[in-house]
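Please read the structure below before turning to the comments.
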Amino acid sequence: MEFNELGIKALQDGEYEKAIEAFMKAAEAEPDNPVGYINLGNVFASAGDIERAERFFQKAITLDEHAGSALYGLGNLYFTNERFEEAAKLYEKAIRAGLDEADAYFMLGKCLRNTDNSKLALPYFQRAAELAPSDLEIRLSFGILLAEMELFKQAQEEFTFILDNDADNADAHYNLGVLYAVSTDRKDDALHHLEQAFTIEPEHTQARYIFDMIKIGEQS
């Protein structure tokens, strides 16, 4: 079994020190192969050692500028540190390098949204949802963005899909309740979903606040 395989097995067994040792040996044995450096970057990123993770991802990219996994991993480091513009460029490069995966599109969309480029983010959220239709986190973010852009019918479809698959999703109840409150005359449905949100998640104060505001409006 070669060193990268040994490292992956050690990771699966929760033996991080052995994994690092194996990946280090892999990088030493094949210094021009980016795989060992990518694996080291991933290990140190998961351990929260940002400095060393960044160094190994950058080494891998130096060896292969089209190493999608290295570009994606470095993008994640920058996203975590709110370096959204830099992260967006890396995710875009990863996708262009062939990393046609939902998470890459999703993270690129999140970066664009965090830099006030919601319109540009929309197609990336949509692509992520197409690639991972059962990922409820992606579908929720996509629905929220659709609602913010006043594409209410499409947003409703996303929130409804989530609740069809997870009836206790407080965030989906909340967002569907808000959507009904602002875009339709379905105030009873809005109240129902808002109440579900703060019943499932008692600390969901915003859901309770909007629920109370609608109730007050009905009484006035």
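The values are calculated or read from the model by the stated rules, or taken from the named source; none is laboratory data. Everything numeric in this text was worked out from a predicted model, so none of it was measured. For neighbour counting, all protein chains shown are included, and Cβ atoms are generated from backbone atoms with ideal geometry for every residue, glycine included. Keep in mind that these areas ignore ligands, DNA and RNA; they rest on the heavy atoms of the full protein, side chains included. Shrake-Rupley method; radii C 1.70, N 1.55, O 1.52, S 1.80 Å.
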Seminar exercise, completed: In debye to the nearest 20, the charge dipole size for segment 174-220, taken about the Cα centre with +1 at each Lys and Arg Cβ and -1 at each Asp and Glu Cβ, equals 80
Exercise. Expressed as a rounded percentage, what relative contact order does segment 12-92 have, with Cα pairs under 8 Å and six or more residues apart?
Worked result: 21
For this session: Identify, among Asn4, Phe152, Gly48, the residue whose Cα sits farthest towards the positive end of the charge dipole of the chain, taking +1 on the Cβ of Lys and Arg and -1 on the Cβ of Asp and Glu, with the dipole about the Cα centre.
Result: Phe152
For this session: Note the full-extension length gain between Gln58 and Asp100 as 0.36 nm times their separation in residues minus their Cα-Cα distance, in nm to one decimal.
Result: 13.0 nm
Problem set entry | Rough spin-label spacing in nm, given labels placed 7 Å along Cα→Cβ, for Glu65 and Asp212 | 5.8
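Less than 10 Å Cβ to Cβ from Leu136, Lys/Arg counted +1 and Asp/Glu -1: what total charge do the surrounding residues give?
-4
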Problem set entry | Solvent-accessible area, 1.4 Å probe, carbon plus sulfur percent, for the chain | 47
Problem set entry | Top of Ala155, Ala47, Ala26 by mean-square fluctuation, Gaussian network on the chain, Cα under 10 Å | Ala47
Problem set entry | Residue with peak Gaussian network fluctuation, the chain [Cα springs, cutoff 10 Å], from Ala129, Ala94, Ala29 | Ala29
Seminar exercise, completed: If N is the residue count of segment 62-148, its Cα Rg over 2.2 N^0.38 Å rounds to 1.03
Exercise. Candidates [x] 63, 45, 39; [y] 60, 40, 32; [z] 75, 34, 27; which is the computed Cα extents along the principal axes in Å?
Worked result: [z]
For this session: Would you mind computing, in nm to one decimal, how far apart the modelled labels at Ala47 and Glu148 are, each placed 7 Å from Cα along Cα→Cβ?
Result: 3.6
Exercise. Which pairs break 30 Å Cα to Cα here: Lys93/Lys153; Lys9/Lys59; Lys153/Lys215; Lys89/Lys153?
Worked result: Lys93/Lys153; Lys89/Lys153
Seminar exercise, completed: Note to self: C-alpha centroids of segment 45-59 and segment 62-76 sit apart, in Å, by 12
Seminar exercise, completed: Summing -39500 (n - 2.57) over every DSSP H run of at least 4 residues in the chain and dividing by its residue count gives a helix-only mean residue ellipticity at 222 nm, to the nearest 500 deg cm²/dmol, of -25000 deg cm²/dmol
Seminar exercise, completed: Subtracting the Cα-Cα distance of Glu86 and Glu195 from 0.36 nm times their residue separation yields 35.2 nm
Problem set entry | Contact order normalised by residue count of the chain, Cα under 8 Å, 6+ apart, percent | 8
For this session: Treating only the Cβ atoms of Lys and Arg (+1) and Asp and Glu (-1) as charged, compute the dipole magnitude of the chain about its Cα centre; round to the nearest 20 debye.
Result: 500
Problem set entry | chymotrypsin sites (Phe, Trp or Tyr not before Pro) within segment 116-157, DSSP loop, no more than 10 other Cβ atoms inside 10 Å | none
Seminar exercise, completed: Reduced to Cα centres, the span from segment 196-210 to segment 143-178 in Å works out to 15
